[in-house]
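Notes follow once the structure below has been shown.
The values are calculated or read from the model by the stated rules, or taken from the named source; none is laboratory data. Just so it is clear, the structure is predicted and the values come from calculations on it, not from any experiment. Every residue, glycine as well, gets a Cβ built from its backbone with ideal geometry; the counts of neighbours run over all protein chains shown. Remember, those area values only see protein heavy atoms, side chains included, never the ligands or the DNA or RNA. Shrake-Rupley method; radii C 1.70, N 1.55, O 1.52, S 1.80 Å.
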Amino acid sequence: MLEQHATELLRHTVEETFPLAREVMTLDARQYTCPERFAQEKQQIFSRVPLVLAASCELRKPGDFKTVEVAGIPVLLVRNREGTVHALLNACTHRGAAVASGCGSAARFTCPYHGWTFAQDGDLVGIASSTDFGAVDKTALAMKRFPVTERAGLIWVILDPDSSHDPADMLGGIDELVAGFGFAGWNHIESRTMHGPNWKLTFDAHLEFYHVPVLHRETFGPERSNRAFYFSQGPHQRVVAPRGRPGDTAKDDLYALGRLPAADEPFDPLLVGEWILFPGASINTFYLNGQRGVLLSIVLPGPDVGTSTTTQTFLAETPPDEVTRAAMEELCTFLARVVGDEDLPTSALQQKALATGLLEHVRFGQNEGGLQHFHRWLDDLLKADDAELAALLAEPCPQR
Ligand code: FES
Ligand SMILES: [Fe+2]
């Protein structure tokens, strides 16, 4: 598959061609503002589709935990003593208080309200003043568990405790493609969370490069290409900027195809570009001081239609030395500025305008095929029943 991407990229570079979507697509603007539509997305997408909620290396050691909120659902991710990751509803089974906040390491979780205690797998292990409290069946009062799997060094969760599906069966092969990074052994550099408007308005900006030389002229610069090649694997995508001029570099692809010796290339060129892990995660690849790094961005809906969070997590392939760490931290600050000062304020103004109801439609150009692909898949999965959804997500179908 990756070789096919490289061959195609090389062919387009040499022939100076650029594939476009068949037509301009129009989308009803209410899809970004309508509370009923958002309720459907929560139910049909965010409670049924496996979501990337963390990188494995964020929870490297037994006891490491992280909390995250998805469309108002509080989630606690924790690695237990045996190394297995659990995804729990972050709610005490006494009266619902959150048993953990932020991230850290814990042998067990003691609820801050009345002191009930839970094991790393969510089992209830202690009730404060249990004789006074009265008889209850502790085994039936474990925290709610969500189906979770660790693949390709990423943690994928289905946010329905009653789902009959294993998230590992619904990744459609995208896990095999990104497994090439080897994230399981990577290093967590830093994470930061920013707030934004509707999750799709926020994530749309990850799905095209059309805006890059305009909106990001002060940061990335006006000379950046506004074109992107899109490859799909089910609802997931890889977005790659055009390579140099014909006869010029196109080096990544030549390395990939074995036409140049790979010996002095320190990174695997087949993985460059941006990876979109449906519905709301993206991976951007970087190369700093001889080291490979990625920015994992996770866009999640907030509790209502007009809110979202974007968490940027920077990962490095090898533990960075002091100089590289400083360069990575500088890059993180830069990327936070790009998204926090340029993308998110623009999306917030879009939200404001669309919420008036006076602009009926938005449009995705033929050069914005990634957006067309994303919104089509979203619609299809919204309409699919559980069996259809599982079938659609199980098999890679790149030509859709
Ligand atoms: S709500 Fe957790 S102990 Fe009471
Ligand atoms: Fe952007």
Helix axis angle, 369-383 relative to the chain longest principal axis, alpha carbon, degrees
40
Go ahead and run the numbers for FRET between Arg337 and Lys383, Cβ-Cβ distance against an R0 of 41 Å, rounding to 0.05.
0.60
Given 15 as the ceiling on other Cβ atoms within 10 Å, longest exposed-site-free region of the chain for GluC sites (Glu not before Pro) in DSSP loops
224-359
Placing +1 on each Lys and Arg Cβ and -1 on each Asp and Glu Cβ in the chain, then taking the dipole about the Cα centre, the residue among Phe364, Leu381, Gly340 whose Cα reaches farthest towards the positive end is Gly340
Given a Förster distance of 35 Å, the FRET efficiency implied by the Cβ-Cβ spacing of Val214 and Ser105, rounded to the nearest 0.05, works out to 0.20
Subtract the Cα-Cα distance of Phe133 and Ala97 from 0.36 nm times their separation in residues, and report this length gain in nm to one decimal.
11.2 nm
Between the helical axis of 344-355 and the dominant principal axis of the chain, each derived from Cα atoms, what acute angle in degrees is found, rounded to the nearest 10?
80
Which cross-chain or sequence-distant (5 or more) residues have an amide H under 5 Å from the amide H of Asp166, H modelled 1.01 Å from N in plane?
none
What percentage of all Cα-Cα pairs in segment 101-251 are separated by more than 27 Å?
52
Checking the cross-link filter: which lysines have an alpha carbon closer than 21 Å to that of Lys383, excluding same-chain neighbours under 8 positions apart?
Lys42, Lys200
Using alpha carbon centroids, what distance separates segment 26-63 and segment 140-169, in Å?
14
Distance between modelled label sites at His195 and Arg224, nm, 7 Å Cα→Cβ extension
2.6
Report ³J(HN,Hα) in whole Hz for each residue of segment 298-315, in order, from the Karplus equation J = 6.51 cos²θ - 1.76 cosθ + 1.60 where θ = phi - 60°; Gly and Pro get x.
10, 9, 10, x, x, x, 9, 4, x, 9, 7, 10, 10, 10, 9, 10, 9, 10
Using a 1.4 Å probe on the protein heavy atoms, what percent of the accessible area of the chain belongs to carbon and sulfur?
51
Quote the charge dipole size of the chain about the Cα centre in Debye, to the nearest 20; the model charges only the Cβ of Lys and Arg (+1) and of Asp and Glu (-1).
540
Extension reserve of the Thr7-Gln43 stretch, reckoned as 0.36 nm per residue once the Cα distance is removed
9.0 nm
Listed residues Trp199, Trp156, Trp116; largest mean-square fluctuation, Gaussian network over the chain with Cα springs below 10 Å, found at Trp116
Please list the non-local residues whose amide H lies under 5 Å from the amide H of Leu288, H modeled 1.01 Å from N, same-chain partners needing a gap of 5 or more.
Gly293
Pick from Asp166, Asp304, Asp137: which residue has the top mean-square fluctuation in a GNM of the chain where Cα pairs under 10 Å get a spring?
Asp137
Trypsin sites (Lys or Arg not before Pro) restricted to segment 17-90 and DSSP loop, no more than 14 other C-beta within 10 Å
Arg22, Arg81
Longest to shortest principal axis, alpha-carbon extents of the chain, angstrom:
80, 54, 40
Proximal aspartates and glutamates relative to Lys138, as straight alpha-carbon distance under 12 Å, when same-chain residues fewer than 8 apart are discounted:
Asp123
Based on Cβ point charges of +1 for Lys and Arg and -1 for Asp and Glu, what charge dipole magnitude is obtained for segment 59-161 about its Cα centre, in debye rounded to the nearest 20?
240
Charges on Cβ only, +1 for Lys and Arg, -1 for Asp and Glu, centred on the Cα centroid of the chain; of Val75, Ser130, Ala91, which one is farthest towards the dipole's positive end?
Ser130
Please report the relative contact order for segment 59-179, taking Cα pairs under 8 Å with a sequence separation of at least 6, and give it as a percent rounded to a whole number.
18
Tell me the net charge near Arg192. Cut-off is 15 Å between Cβ atoms, Arg192 excluded, with +1 for each Lys or Arg and -1 for each Asp or Glu.
-4
